[in-house]
1. Any chance you could list P(r) for segment 53-141, counting all Cα-Cα pairs in 10 angstrom bins from zero, rounded to whole %?
2. Please compute the modelled spin-label separation between Ile18 and His195, points set 7 Å along Cα→Cβ, answer in nm with one decimal.
3. Please give the charge dipole size of the chain, origin at the Cα centre, charges +1 on K and R Cβ atoms and -1 on D and E Cβ atoms. Round to the nearest 20 debye.
4. Rounded, prolate or oblate: which fits the chain, taking a ≥ b ≥ c as square roots of the Cα gyration tensor eigenvalues, rounded meaning a/c under 1.5, else prolate when a/b beats b/c?
5. Please work out, to two decimal places, the log10 of the ratio I(q)/I(0) at q = 0.12, 0.14, 0.20 Å⁻¹ from a Debye calculation in which every Cα of segment 134-216 carries one identical scatterer.
6. Can you tell me the length gained on complete extension of the stretch Gln181 to Glu141, counting 0.36 nm per residue apart and subtracting the Cα distance?
7. Calculated from DSSP H runs of 4 or more alone, at -39500 (n - 2.57) each and per residue, what is the 222 nm mean residue ellipticity of the chain, nearest 500?
8. Taking all protein chains together and a probe of 1.4 Å, list Thr166, Thr59 from the most accessible to the least accessible.
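The values are calculated or read from the model by the stated rules, or taken from the named source; none is laboratory data. Note that the structure is predicted; figures quoted are calculated from it, not measured. All Cβ positions, glycine included, derive from the backbone under ideal geometry; neighbour counts span all protein chains shown. Areas reflect the complete protein model, heavy atoms only, side chains present, ligands, DNA and RNA absent. Shrake-Rupley method; radii C 1.70, N 1.55, O 1.52, S 1.80 Å.
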Amino acid sequence: MRSRTSSARRILDAVEDIIGPDILCWGTSFFIKEPHNPAYVSWHQDSTYWGLEPADIVTAWIALSDSTTENGAMRVMPGSHTMAQVPHRDTFRPENLLSRGQEIMVEVDDAQADTLVLKAGEMSLHHVRLIHGSEPNPSDERRIGFAIRYLPTYVRQVAGSHDWATLVRGVDRYGNFELEQRPDADMSESAQAYHAAVVGGHSKILMRETGRRMRA
Ligand SMILES: O=C(O)CCC(=O)C(=O)O
């Protein structure tokens, strides 16, 4: 079995090839679809509410289970990462796994989409402007993805006055983010309080002008 350190290094090596050697992790999310569950992800660009510029941002989407056509693998519109930001509408549909249930307001020709079929332990990388989404999981198998958002250190937050990120490789010569503290111990009170402050700050940015907070 591969060690955690070597897996992290292999992920960062691939990310470094795309965004260079000085790398921040801005956040992570699980996208979990239980068997026979209506949860889905509408067509969207990640950049829509993140407030991060420029759009030189990449997500490593790591399959923690097999991700197949049958269980709602992620689908992408090839080449759409070269588009500008597209307008989105918020739906807040409960089955939509996105924070605002946001969906793009341009027509997507499903027939042109590619499905990213992955074995557990494999990953795909996607650009922050790539139009992507996924269907519900009508199968008997769980589909679990873990998305890690990586930025080069020169990216900045333009929608909020303060933002946080973890330096995971290289050097931060810009100081655009508060660099997150390493927890003093697993689940310590202070580490949990710090985590809550960062998540609360991100929720304010992502949910701005909606009067809502992110779902837990
Ligand atoms: O897991 C999915 O189906 C979608 C994931 C996603 O939207 C993302 O990682 O940005």
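1. Spelled out bin by bin, segment 53-141 gives 15, 44, 36, 4, 0 percent.
2. 2.6
3. Taking the Cα centre of the chain as origin, the dipole is about 380 debye.
4. Cα axes put the chain in the rounded bin.
5. Here log10 of I(q) over I(0) equals -0.52, -0.69, -1.09.
6. Computed gain between Gln181 and Glu141 is 10.7 nm.
7. -5500 deg cm²/dmol
8. Thr166, Thr59
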